[in-house]
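Engineer: Pasting a structure here, questions to come.
The values are calculated or read from the model by the stated rules, or taken from the named source; none is laboratory data. Just so you know, these numbers come straight off a predicted model, no measurement behind them. Neighbour counts are summed over all protein chains in view; Cβ atoms, including those assigned to glycine, are modelled from backbone coordinates with ideal geometry. These area figures cover heavy atoms from the full protein model, side chains too; ligands, DNA and RNA do not enter into them. Shrake-Rupley method; radii C 1.70, N 1.55, O 1.52, S 1.80 Å.
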Amino acid sequence: MAKCSFEWWHAPIVFSISVVLAFFAISTALHSSTSHTATPPNKSMADELSLNASRALRRAGFNTIATLLQVSPEHFFFPQNSTIFAIKDSAISNTSLPPWLLKNLVKYHTSPFKLSMTDLLKKPQGACLPTLLMPKKIAITRMDSTARLVEINHVLVTDPDIFLGGNVSIHGVLGPFSPLDPLDVRQGWSLIQSPYCDSNGTIISDPFEPNNGVVGVGVEVEWRRIIRWLSANGFVSYAIGLQTVLEGLLQDFGGLRSITVFAPPNLVSVTSPSPVLNRAVRLHIVPQMVTYKSLASLPARTSLKTLVSGQDIEILGGVRVPRGTVVVNGVEIVSPEIFRSENCVIHGISRSLEIAGLPHSSR
């Protein structure tokens, strides 16, 4: 299974940085035109802070972020405090990301706290920090106080304390905190990945954790690969539904190591309110990998747990049903194992599974 990589840094240029800067400038002007006309008393101080921070970034070689900061400081500065993690020019100067996605990436690299390198080194490994792209968080995945090394989302802080002034801290980092797949970008999905943290601010699921090349050991499910495959192979409505509820699913089941998906050609609940859609998507997923051969050999009326608490699915297979096929809650598997990886198998079914407690859906 492929590891997270940053090869998209060098993808063909789709939007030049000049277009991105124009977008930032226009959005800033629009924001200003709709805001109060009175000049805030601290505006001159904010402008000076932005200018000084930009100069410090340029001296350190972070020219792209310096320019973005000078053009649109409101995308970086929080009213109270901010820590900006500036991405190296080589990662974004010739970006293939559309402006709206780069804007979100900038917010994801800004935390509403002022944290110097000394402050970061006092944090425990695994500590999570909020970002301006709420509710997404970043996490300290490596901390070595002796060597004064910090990694965030497994990305090294290469240039600590580039700027410490006013209510702002700026550090340089080797690359983006989220690897963005060009396929996701072309499909218009804002898939900025982030770790999942508990209420105490400690990481509980790390989508960036490398598997050290060991196949099948400690490898979490590649949800976004599954979504792309479903979308490209005729299961568009289920792919849309899965993408819609993915963040909540990862929060509840972030550590899943294998799954079976029973993919319907049309998810009838895709336009339903989110709680219904959430249940509908989860009902079609079993938290273990079950091949078609294993399904067909199960004892009569075997139940398998799904991601919906308290709602299992019942399997009938082999000689117990007509034509020797396998049936899931009365719905036939018509395309067995249409996708299979080391920790996921997808079976195509003839229609959506019914959600317990809801009226029968039209077919």
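Engineer: First measure r as the distance between the Cβ atoms of M134 and L174, then evaluate 1/(1 + (r/R0)^6) with R0 = 30 Å and state the FRET efficiency to the nearest 0.05.
Structural biologist: Taking R0 as 30 Å, the efficiency between M134 and L174 is 0.75.
Engineer: Considering only the stretch 45-205, what is the antiparallel percent among its DSSP beta bridges, to the nearest 5?
Structural biologist: Details: 19 of 25 bridges.
The antiparallel fraction comes to roughly 75 percent.
Engineer: Using the Kirkwood radius over C-alpha pairs as Rh, can you work out the diffusion coefficient of the stretch 227-271 via Stokes-Einstein at 25 °C, viscosity 0.890 mPa s, in µm² per second?
Structural biologist: Answer from the Stokes-Einstein relation: 219 µm²/s.
Engineer: Moving on to the next point. Once the piece of chain linking E337 and S90 is laid out straight, how much longer is it, given 0.36 nm per residue of separation minus the C-alpha distance between them?
Structural biologist: That works out to 84.8 nm of additional length.
Engineer: Over the stretch 45-205, give the accessible area per residue in Å² for a 1.4 Å probe, as an integer. List each step's numbers first, then the result.
Structural biologist: Working: 6400 Å² over 161 residues.
About 40 Å² of surface per residue is accessible.
Engineer: For F339, which sequence-distant residues (separation of 5 or more, or a different chain) have an amide H within less than 5 Å of its own amide H, given hydrogens modelled in the peptide plane?
Structural biologist: The answer is I346.
Engineer: Amide H to amide H under 5 Å from A86: which residues, 5+ apart in sequence or cross-chain, H placed 1.01 Å off N in plane?
Structural biologist: For A86, whose amide H was placed from the backbone, the distant partners under 5 Å are H171, G172, V173.
Engineer: In Å², what does the accessible area per residue of the stretch 223-349 work out to with a 1.4 Å probe?
Structural biologist: 43
Engineer: Restricting things to alpha carbons, find the Rg to Rh ratio for the stretch 223-349 using the Kirkwood radius for Rh.
Structural biologist: Across the stretch 223-349, the Cα-based Rg/Rh ratio is 0.94.
Engineer: Hey, for a label at F113 modelled as a point 7 Å past Cα toward Cβ, could you say which residues of the stretch 121-139 have their backbone N under 12 Å away?
Structural biologist: Inside the label zone: 121-131, 138-139.
Engineer: So what's the Cα pair-distance distribution over the stretch 45-205, bin width 5 Å, in %?
Structural biologist: The calculated distribution, bin by bin, is 2, 9, 19, 23, 22, 15, 8, 2, 0.
Engineer: Please report the antiparallel percentage of the DSSP beta bridges confined to the stretch 223-349, to the nearest 5.
Structural biologist: 70
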